[in-house]
Amino acid sequence: MGMAISGFFGIGSLHGHPHSRNTLPKRLSDHPISIGTWNCPDAILTSGQLMEGGTPSLEAVVKGVAVEEANENNTTVGIGASPDRSGRVTLDACVMNSNGDCGAVMAVENIVHVARLAQHVMEDTPHVNLVGLGAEEFAYSKGFPKTQLLSMAAEKRWKAWLQKSEFTPKINVENHDTIGMLCLDAQGKLSGSCTTSGLAYKMKGRVGDSPIIGSGLFVDNQVGAATATGLGEAVIKTVGSFLIVELMRNGWSPQKACEEAIGRILSQQTGKPDFQVGFIAINIAGERGAFSIHKGFSFTHYESGKAINVPSSSAY
Ligand code: SD4
């Protein structure tokens, strides 16, 4: 615990930087907070209402993202997900709790609720990551059903894509709707989860940022949490979610921290990138932030029994 706040006072402190504050602000109210990437009202309502009823943030976040995993109309998560270029749907997910424990599964086939599976990895194994067949077999050992994941609609889109077989993920289209969710409960406990099929028509075996702790998600109960969506390769290269939490540890607001993480990605590019990345973040005081490279990214948050979708500000 002591280590976690050392950045405020010790090595790595950014005191004096225009965006830093001396200490994190205090939490203003104990109302639960839930925030998720893109337009995911049902998922956010589920997690928000669960926490209102006293459910801890980890259970709320896993049940929240499960709504999108079961949503046939979400073409990037769970049951409606798009396949890789060989026609296989492979899912990635992770969870992280207020103790800093985490679990992840990568490139898993035939399992819908991979965030819950990642929670089992965290709680019931000595490991953090399980991939492919190992993760799938572990799921069956925990009683998960085997589900055929390539929906008819996804198969039709994939067959159309095969005509040209050009991998040029379109901004806000084929990298759209991954759900990253951050929950802060009335007890001040933070948890997060990120779940996705990754980029449509990715190479077989490709894993993006979403299940990589520090890249697609990071939670530190002393500071705050962040999660990402968009082109995973760009997020991984800058360890984006960890970067945002570290900036918040040094006193940056969630908004300025998200902007800086996007700035880091942009600093690796010449000119306007042809890909999208979006980050959302909250701190333990309950402040939130969001920023993306391009317009079109939005986030949804829980407020007084409602889920509100808000466009993110962006660099372009
Ligand atoms: C990935 N970040 O696998 C994911 C894709 C995504 O909405 O966010 N899609 O790179």
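The values are calculated or read from the model by the stated rules, or taken from the named source; none is laboratory data. Owing to the predicted nature of the structure, the values given are computational and were not obtained by experimental measurement. Ideal geometry is used to build each Cβ from the backbone, glycine not excepted, and the neighbour counts take in all protein chains shown.
Odds and ends about this structure:
- Yes/no for residue 42 being acidic (Asp, Glu), more than 14 Å from the chain's Cα centre (by Cα) and surrounded by 18 or more Cβ atoms within 10 Å (Cβ to Cβ): no
- Among the conditions (1) out of contact with any Asp or Glu (no Cβ under 8 Å at 6 or more places or on another chain); (2) more than 26 Å from residue 296 (Cα to Cα), residue 142 misses just one, which is (1).
- Test: residue in region 298-306 that is of a type in the set (Asp, Glu), away from the ligand (no atom under 14 Å from the Cβ), under 30 Å from residue 52 (Cα atoms) and surrounded by fewer than 18 Cβ atoms within 10 Å (Cβ to Cβ): yes
- Residue check for residue 180: of a type in the set (Gly, Ala, Ser), within 14 Å of the ligand (Cβ to nearest atom) and either assigned to a loop (DSSP other than H, G, I, E, B) or farther than 23 Å from residue 39 by Cβ (or both): no
- The requirement of being crowded, with 18+ Cβ neighbours inside 10 Å and touching a residue at least 60 places away in the same chain (Cβ under 8 Å) is fulfilled nowhere in region 130-146; no residue meets it.
- Of the helices (runs of 4 or more DSSP H) contained entirely in region 209-273, those carrying at least 3 residues that are at pLDDT 95 or above and more than 14 Å from the ligand (Cβ to nearest atom) fall at 240-249, 254-267.
- Residue match in region 110-126 (condition: in contact (Cβ under 8 Å) with a residue 60 or more places away in the chain, touching a strand residue (DSSP E or B) at 6+ places or on another chain (Cβ under 7 Å), surrounded by fewer than 18 Cβ atoms within 10 Å (Cβ to Cβ) and more than 26 Å from residue 298 (Cβ to Cβ)): no
- Only one of the listed residues (189, 202) is within 15 Å of the ligand (Cβ to nearest atom) and in contact (Cβ under 8 Å) with a residue 40 or more places away in the chain. That residue is 202.
- Hey, residue 285 out of contact with any helix residue (DSSP H, G or I) (no Cβ under 8 Å at 6 or more places or on another chain) and either modelled with pLDDT under 95 or over 30 Å from residue 203 (Cα atoms) (or both) or not: yes
- Contacts under 8 angstrom Cβ, first residue in region 206-230 being without any contact (Cβ under 8 Å) to a residue 60 or more places away in the chain and under 27 Å from residue 87 (Cβ atoms), partner away from the ligand (no atom under 14 Å from the Cβ) and of a type in the set (A, V, I, L, M, F, W, C), 6 or more apart: 215/242
- Odd one out for residue 143 among (1) small (Gly, Ala, Ser); (2) within 13 Å of the ligand (Cβ to nearest atom); (3) within 30 Å of residue 52 (Cα to Cα): (2)
- Scan of region 70-87 for residues that are of a type in the set (S, T, N, Q), surrounded by fewer than 21 Cβ atoms within 10 Å (Cβ to Cβ) and in contact (Cβ under 8 Å) with a residue 24 or more places away in the chain, ordered by number: 71, 75, 86
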